[in-house]
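These notes concern the structure reproduced below.
The values are calculated or read from the model by the stated rules, or taken from the named source; none is laboratory data. The structure presented is a predicted model; accordingly, all values stated were derived computationally and were not measured. Virtual Cβ from ideal backbone geometry, glycine too; neighbours counted across all protein chains shown. When the accessible area is computed, the model is the full protein with side chains, heavy atoms only, and any ligands, DNA or RNA have been set aside. Shrake-Rupley method; radii C 1.70, N 1.55, O 1.52, S 1.80 Å.
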There are 4 protein chains.
Amino acid sequence: MRPGYRKDKEALLARLHRIEGQVRGVTRMVGEEAYCIDVLTQINAVKAAIDQVGLLLLEDHVKTCVVDAVKHDREEKLDELVRAVERFARA
Amino acid sequence: MRPGYRKDKEALLARLHRIEGQVRGVTRMVGEEAYCIDVLTQINAVKAAIDQVGLLLLEDHVKTCVVDAVKHDREEKLDELVRAVERFARA
Amino acid sequence: MRPGYRKDKEALLARLHRIEGQVRGVTRMVGEEAYCIDVLTQINAVKAAIDQVGLLLLEDHVKTCVVDAVKHDREEKLDELVRAVERFARA
Amino acid sequence: MRPGYRKDKEALLARLHRIEGQVRGVTRMVGEEAYCIDVLTQINAVKAAIDQVGLLLLEDHVKTCVVDAVKHDREEKLDELVRAVERFARA
């Protein structure tokens, strides 16, 4: 079975490449001994970007896999979703 | 002036390289169309790792730059710290 | 239609009463000028307790209302869930 | 010694009373079996309000107790602050 995010795969890959670049940017700043608060600002930007990717994955998952699970009476998939939301909200 | 994290620079660079690898791992999983929840689990791991880097930076900043600011009566540095903590707690 | 959390209503009310008590406890501490960090520790406990209530509501919502929405092809309910998760994860 | 938030004590008490009222509002909604998502929206409002109180406490703490600690070379107070920020950012 294809994952729920298949239709957004290219968008997700583009965002993840951008995040890789952002992390390399943070690495460079630390290497050049940039000011702590400036590094922290970039780190917050990475967290926000990662979060956006997670939310898109969750959305696609709900709209495909969860819908599919309900139609096939696979209640364990609802538990799996709730646990994933819990971990995501706390991470 | 050297940044507060100078003594932890090597540790920070090592962690950031590991995070770059983790992000590349997420990119690979999406490229291979791994299961949504498995990708999300890896994304949460990246967020937690980024968070650890942010906390170490904050700690070093408090113990050096903030101490220095207090000794030189630069109250604006305390405002800057509080704003940074606020953005970090919300990101 | 009854809300999804109906079967957990008593448990939710009990938790909410406990949270009311916790908030009154924080009010009392501030009134008595308790040490900042001790007040903050109690505030974190309130946040964690509120979060638990939110997660239980989300879980019940997914397992009843969302299941019902899928069976009746009401896709707007899935969007509503995703937006709710997004706000919850960020609050 | 008076706590750092002393000058904001009245404002903090006013906010905490408002939060008590908000939590009672959530209790009432659950008692009346309001729609899950509406309850969740109110819960997010409580979390945001609690967060604001926490940030004000942290700010006052930094600008008084931490300043005082630096002036008296009490480094353990800086560790205490960093641990408090860590717990706050994760709660």
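With θ taken as phi - 60° and the Karplus curve 6.51 cos²θ - 1.76 cosθ + 1.60 applied, the whole-hertz 3J(HN,Hα) list for region C:52-69 is 5, 4, x, 5, 5, 4, 4, 4, 4, 4, 4, 6, 10, 4, 5, 4, 4, 4 Hz, x standing for glycine and proline.
Shielding value for B:62-73 is 4, the average number of Cβ atoms from other chains within 10 Å of each residue's Cβ.
Using a probe radius of 1.4 Å on protein heavy atoms only, what is the accessible area buried between chains C and D, both sides summed, to the nearest 100 Å²? That pair hides around 4200 Å² of surface in total.
Along its principal axes, the protein assembly as shown has C-alpha extents of 66, 48, 23 angstrom, given from the largest down.
Here each label is just a point 7 Å from Cα along the line to Cβ, and for residue A:68 and residue C:2 those points are 3.3 nm apart. The dipole here belongs to region C:1-55: it is taken about the Cα centre, uses +1 on the Cβ of Lys and Arg and -1 on the Cβ of Asp and Glu, and is about 460 debye. Rounded to the nearest 10 degrees, the inclination of helix D:76-90 to the longest alpha-carbon principal axis of chain D is 20 degrees. Each of A:11, A:44, A:25 was placed along the dipole of chain A (beta-carbon charges, centred on the mean Cα), and the one lying farthest toward the positive end is A:11.
Computed about the Cα centre, the dipole magnitude for the protein assembly as shown is approximately 0 debye when only Lys and Arg (+1) and Asp and Glu (-1) carry charge, each at its Cβ.
Counting, for every residue in C:18-31, the Cβ atoms of other protein chains within 10 Å of its Cβ and taking the mean gives 5. With contacts taken as Cα pairs under 8 Å at a separation of at least 6 residues, chain C carries a relative contact order of 37 percent. The residue C:52 and residue B:33 beta-carbon pair, evaluated with R₀ = 45 Å, returns a calculated FRET efficiency of approximately 0.85. Sorted from longest to shortest, the spans of the Cα atoms of region A:6-90 along the three principal axes equal 55, 27, 13 Å. For the rotational copy relationship between D and A, the axis lies nearest to a chain D beta carbon, identified with its distance in whole angstrom as D:90, 4. Report, to the nearest 10°, how far helix A:9-31 tilts away from the longest principal axis of the Cα atoms in chain A, using its own Cα long axis and a range of 0 to 90°. The answer is roughly 30 degrees.
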